[in-house]
Amino acid sequence: MNLIVLATATMRGESVILALRVAGSVSYTSGAVLGHILLRKRYGLLGFHQVGETFGRIAAAAALAGGCALAAVLVVQGRVEEPRVAAAVALSAGLTVGTAILLTACKVVGVPEIRHARTLLRL
């Protein structure tokens, strides 16, 4: 929370938006780590090794999907003259490609939550 207050007090313009996103992420991550440490002291092992493995898998899948989505946006961005239509087309292309690649990559690398969701959706 202090990072968010510091970012809004010291930065101006568009850079404050990025700083707020980073500060929020850092706050959330540090809270999760601190919570894990405190819970582990109280209850013992929590199975964080599995969470770490899943995090690594989903991070790799997300990086691949993000790169492919960015490539799709860059490919279609200059093909339409009207700026608003071009933005809509680029957004649609990036969303479609990114989602497809993310789900496929999660299936390939074996993210357990994706398998569980697919099982639930088949019912």
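Values computed for the structure shown
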read-out: Count of the range 9-26 residues which are in contact with a helix residue (DSSP H, G or I) (Cβ under 6 Å, 6 or more places away or on another chain) and polar (S, T, N, Q); value: 0
read-out: Failed item, numbered, when F48 is tested on (1) open to solvent by 50 Å² or more (accessible area, probe 1.4 Å); (2) in contact (Cβ under 8 Å) with a residue 12 or more places away in the chain; (3) more than 27 Å from K107 (Cα to Cα); value: (3)
read-out: Verdict on R57 being charged (D, E, K, R) and either open to solvent by less than 40 Å² (accessible area, probe 1.4 Å) or touching a Gly at 6+ places or on another chain (Cβ under 7 Å) (or both); value: yes
read-out: Inter-residue pairs, beta-carbon under 9 Å, first free of Cβ contacts under 8 Å to residues at least 24 places away in the same chain and in the range 5-34, second open to solvent by 70 Å² or more (accessible area, probe 1.4 Å) and of a type in the set (S, T, N, Q), 6+ apart; value: V16/T10; A19/T10; A23/N2
read-out: Residue count, the range 70-116 (criterion: open to solvent by less than 70 Å² (accessible area, probe 1.4 Å) and closer than 23 Å to R57 by Cβ); value: 16
read-out: Of all residues making up the range 109-123, the number that are touching a residue at least 24 places away in the same chain (Cβ under 8 Å) and part of a helix (DSSP H, G or I); value: 3
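The values are calculated or read from the model by the stated rules, or taken from the named source; none is laboratory data. Bear in mind that the values here come from a model prediction, so they are computed numbers and not experimental data. Every residue, glycine as well, gets a Cβ built from its backbone with ideal geometry; the counts of neighbours run over all protein chains shown. We work out accessible area using only protein heavy atoms, side chains counted, and drop any ligands, DNA or RNA first. Shrake-Rupley method; radii C 1.70, N 1.55, O 1.52, S 1.80 Å.
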